[in-house]
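This report refers to the structure that appears directly beneath it.
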Amino acid sequence: MLSALAYSLTRSGTHARLTAAAGTPIDRSGIALLRVLAEGQEPLRVGELAQRLGVRHPHVTRQVRQLAEQGLVERAENGGDRRVQLVSPTQHGRDTLARLVGTVEAKLAESLADVDPERIMAAVDVLSRVGKWSWDSAATPPDAQAPEDAEPGG
């Protein structure tokens, strides 16, 4: 049941409908990057973004370039070192993220209007635990897993 829910929440069709409703043509990894940038008060280095997102540095570099082309983020040199760039969201990027979050929240509120708030909070707790487990699993390299956590047959 949980895997079916996770799948339905991450389907590309769901994402496409939500971004279209928000008038926001941005991919899922771009949204994740904007969220991380919007959470902080200071610009972040690409390496720090990669670490916070749990992805590799080249992926973030490519994503930042795409978002900069869309006017959603801006890049600045870090103290004259051209190799190190600081990334921050533009006002357009913050507005885009706010529009998307507002659309998602409105759709969720509509879908859950007749559900008891206690049941919603219980579901949030379960999904938060699944999300933490997923994040922790992704952040731990396979060779660093304890033997009892290792994949069967490996």
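Structure values in brief
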| read-out | value |
| --- | --- |
| Rg over Rh, two decimals, the range 28-117 (C-alpha only, Kirkwood Rh) | 1.09 |
| Potential lengthening between Ser29 and Arg82 on full extension [0.36 nm per residue; Cα-Cα distance subtracted] | 16.6 nm |
| Share of carbon and sulfur in the accessible heavy-atom surface of the range 1-126 [1.4 Å probe, %] | 54 percent |
| For the range 1-118: accessible area per residue (Å², 1.4 Å) | 65 Å² |
| Spacing of the two label points (7 Å from each Cα toward its C-beta) at Lys132 and Val101, in nm | 2.1 nm |
| For the range 19-68, alpha-carbon Rg over 2.2 N^0.38 Å | 1.14 |
| Simple label model, 7 Å out from Cα along Cβ direction - Ala122 to His57, nm | 4.7 nm |
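The values are calculated or read from the model by the stated rules, or taken from the named source; none is laboratory data. Since this is a predicted model, take the numbers as computed values, not measurements. All Cβ positions, glycine included, derive from the backbone under ideal geometry; neighbour counts span all protein chains shown. Surface accessibility is based on the protein's heavy atoms, side chains included, excluding ligands, DNA and RNA. Shrake-Rupley method; radii C 1.70, N 1.55, O 1.52, S 1.80 Å.
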